[in-house]
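Student: Before anything else, here's the structure in question.
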Amino acid sequence: MTAGPSKKRQRVQQSASTSRHSSVIPTIDCSSLPDKSSTEVSKKPLNLRRNSSFSSIAAFNDASTADILLRLYLEVTPFDSSDSEFITSSDVQIYLHSHVLRRSKYFSALLSDRWQPQKDDDSSPLRLGFGVPAAHGSMDSHLAVLELLYVDDMTEAIDSAKTALDLLPVALKFLFEDCVKSCVRFLEAVPWTDEEEKRVMNLIPFLQEEESRELLSRVSPGRNDSCEEMLQGLILAAIHNYPNMAFVKAFVAKLLKDFSSKESAKRVLKRAFETSLKVVKESLEEYSSPNFRGDHNETEAIQRLNLHTAMTNAKHLSWLVERMIELRVADVAVVEWSEQASFTADLQRAFRDDAWRGIVPGFPSVLLRCTSKLANAVAAGTILATKQVRKKLVKHWLPVLLVSKDHSPLLSSNKNLCMELEETFLRIISTLPLSDAQELLQQCLSFTRNVDDCPHLFKGFNTWFRRAMHPPQPEKL
């Protein structure tokens, strides 16, 4: 996007000697201009302080001292449907001074001995014509840039991004370096609207590399992975730095949902999921390790810390699983969750011990909630898991559910969660081959509470028996 010195300013300078860009080719005319074809500029001058070396000698549009009479006229293209009388009446003529115009490299080249014609009357101003694009505000922008030739400090005139963007294309056309630098410096320092940003990007190719560097840095990432790094930082901040601030998590969740690259979001969430799961597993492993079992205060403090760490990161896992399911990228989480044979064995051992109840009573519920969310997505077809993944998901996490029900009386408040997970496991079992379903269904007998309170279990067994007793006949298929 960037360009070196051989960009628009050089091309515009070349146009003074060629006919390729008619919009910037002046016409030099030593004869009188018809009064009806142009009018002296009646535009209100910019409210600028004239404390410059230029304005102390000459004033903008001062006919008494000017040696240049510049006619600005709206250009008509073959496709222009504008009224020709309006275009002619819009022409203006301005009295200018050659020593001021030379601040513009364009006019400096134009007024050099090579291009300046010999005049019969040296007392009359040199007459020049300059074509202005027939666009809204174009004439005003050209007049404003010409007036800025007469001042050193342009900060009063360039007071908004819109003004800078209106003046910059004209300053580039005139090769008016001081004005270009002032416009660019202003644009570097102020915010842009979306529309202004588009205009800035359209002008970047016409700026020199050193001029466009700061503008480009605002919209160009330093590295290819900067978006993922930003997402990673937001997720870590939401789950670690603001544990009790639900609105922060909701804000990050919306950013993830609206993020344009699904694959980037998937990679970021996968890394965060794996990190939190690793912490939960390591904390529980340290809690279950015989090396840390004892009655002294230090051991008890370590045990409490391990359980609290596991509980905190389990909550992070639950939030991450929700985001992954919401974005339909939870397939990697399901595969990882189904491979936790060692972790679920540690959970069963821990939940059979009464020590955890007074420290993190809600720990089983958090893990079962994660399992329920992933299992529901599998059963609903939101996540298309393979047969092996479906089987291992139920095989490894079904015992955790059963142990939690038997050894955690506090789970009575989560009866609906348990029943929902039971039903979901039965639905997944129904998708497995009959031999696998037979093995897993027998472990589901613990789902029974009373005969009238487990219709989902009756349905699971009846479905299996119906299929086993009435298999499809090959000749009838």
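The values are calculated or read from the model by the stated rules, or taken from the named source; none is laboratory data. For clarity, every value in this text was computed on a predicted model and none was experimentally measured. Backbone-built Cβ (ideal geometry, glycine too); neighbour counts: all protein chains shown.
Student: Considering each residue of the stretch 153-200, count those that are part of a loop (DSSP other than H, G, I, E, B) and exposed (fewer than 15 other Cβ atoms within 10 Å of the Cβ), and give that number.
Tutor: Residues in the stretch 153-200 being part of a loop (DSSP other than H, G, I, E, B) and exposed (fewer than 15 other Cβ atoms within 10 Å of the Cβ): 8 in total.
Student: I've got another one for you. List the number of the failed condition for SER435; all other conditions in (1) polar (S, T, N, Q); (2) buried (at least 21 other Cβ atoms within 10 Å of the Cβ); (3) under 30 Å from MET469 (Cβ atoms) hold.
Tutor: (2)
Student: Do we find that ARG390 is in contact with a helix residue (DSSP H, G or I) (Cβ under 8 Å, 6 or more places away or on another chain) and at pLDDT below 85 in this structure?
Tutor: It is false that ARG390 is in contact with a helix residue (DSSP H, G or I) (Cβ under 8 Å, 6 or more places away or on another chain) and at pLDDT below 85.
Student: Going residue by residue through the stretch 202-224, is there one that turns out to be surrounded by 12 or more Cβ atoms within 10 Å (Cβ to Cβ), under 17 Å from LYS266 (Cβ atoms) and modelled with pLDDT under 90? Don't jump to the end; show me each part of the working.
Tutor: Filtering the stretch 202-224 for residues surrounded by 12 or more Cβ atoms within 10 Å (Cβ to Cβ) gives 203-209, 211-216, 218-219.
Subset that is under 17 Å from LYS266 (Cβ atoms): none.
Checked against the condition, which is being surrounded by 12 or more Cβ atoms within 10 Å (Cβ to Cβ), under 17 Å from LYS266 (Cβ atoms) and modelled with pLDDT under 90, the stretch 202-224 yields no hits at all.
Conditions tested, residue by residue: (1) hydroxyl-bearing (Ser, Thr, Tyr); (2) in contact with a Cys (Cβ under 8 Å, 6 or more places away or on another chain); (3) more than 24 Å from VAL394 (Cβ to Cβ).
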| residue | (1), (2), (3) |
| --- | --- |
| SER289 | yes, no, yes |
| LEU307 | no, no, yes |
| SER318 | yes, yes, no |
| THR371 | yes, no, no |
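Student: Please tell me if HIS136 is over 18 Å from VAL190 (Cα atoms) and either crowded, with 20+ Cβ neighbours inside 10 Å or in contact with a Lys or Arg (Cβ under 6 Å, 6 or more places away or on another chain) (or both).
Tutor: In short, no.
Student: Same structure again: Among the residues of the stretch 239-263, how many are assigned to a helix (DSSP H, G or I), free of Cβ contacts under 8 Å to residues at least 60 places away in the same chain and out of contact with any Leu (no Cβ under 7 Å at 6 or more places or on another chain)?
Tutor: Quick first cut of the stretch 239-263, residues assigned to a helix (DSSP H, G or I) only: 239-241, 246-258, 262-263.
After this cut, where a residue has to be free of Cβ contacts under 8 Å to residues at least 60 places away in the same chain as well, the list is 241, 246-248, 250-252, 254-255, 258, 263.
Of the ones still in play, those that are also out of contact with any Leu (no Cβ under 7 Å at 6 or more places or on another chain) are 241, 246-248, 250-251, 254, 258, 263.
Selection size over the stretch 239-263: 9.
Student: Is it the case that some residue within the stretch 369-385 is basic (Lys, Arg), within 42 Å of the chain's Cα centre (by Cα) and more than 25 Å from ILE239 (Cβ to Cβ)?
Tutor: no
Student: Is it the case that the stretch 222-240 has a residue that's more than 17 Å from the chain's Cα centre (by Cα) and of a type outside the set (A, V, I, L, M)?
Tutor: yes
Student: Mind checking which pairs have a first residue in the stretch 325-340 that is of a type in the set (Gly, Ala, Ser) and a second that is not in a helix (DSSP H, G or I), Cβ under 6 Å, 6 or more apart or different chains?
Tutor: ALA330/ILE383
Student: When you check ARG71 against the structure, is it charged (D, E, K, R), assigned to a strand (DSSP E or B) and modelled with pLDDT of 65 or more, yes or no?
Tutor: When the stated conditions are applied, ARG71 passes them.
Student: So, SER276, is that one in contact with a Leu (Cβ under 6 Å, 6 or more places away or on another chain) and of a type in the set (Ser, Thr, Tyr) or not?
Tutor: yes
Student: Moving on to the next point. Taking the stretch 351-368 as the search range and keeping residues that are assigned to a helix (DSSP H, G or I) and charged (D, E, K, R), which one is surrounded by the fewest Cβ atoms within 10 Å (Cβ to Cβ)?
Tutor: ASP354
Student: Report yes if some residue within the stretch 253-273 is surrounded by 13 or more Cβ atoms within 10 Å (Cβ to Cβ), more than 16 Å from the chain's Cα centre (by Cα) and more than 27 Å from ASP331 (Cα to Cα); otherwise report no.
Tutor: So far as the stretch 253-273 goes, no, none of its residues is surrounded by 13 or more Cβ atoms within 10 Å (Cβ to Cβ), more than 16 Å from the chain's Cα centre (by Cα) and more than 27 Å from ASP331 (Cα to Cα).
Student: While we're here: If LEU231 passes every condition in (1) loosely packed, with under 15 Cβ neighbours inside 10 Å; (2) within 30 Å of VAL268 (Cα to Cα) but one, which one does it miss?
Tutor: (1)
Student: Which of the residues spanning the stretch 202-216 are part of a helix (DSSP H, G or I) and either of a type outside the set (Gly, Ala, Ser) or not assigned by TED's automatic domain parsing to the domain that holds LYS162 (or both)?
Tutor: Those that are part of a helix (DSSP H, G or I) and either of a type outside the set (Gly, Ala, Ser) or not assigned by TED's automatic domain parsing to the domain that holds LYS162 (or both): ASN202, LEU203, ILE204, PRO205, PHE206, GLU209, GLU210, GLU211, ARG213, GLU214, LEU215, LEU216.
Student: Another question, if that's okay. When the residues of the stretch 84-103 are filtered to those that are part of a helix (DSSP H, G or I) and farther than 15 Å from GLY131 by Cβ, which remaining residue is modelled with the lowest pLDDT?
Tutor: Taking the candidates together, the pick is PHE86.
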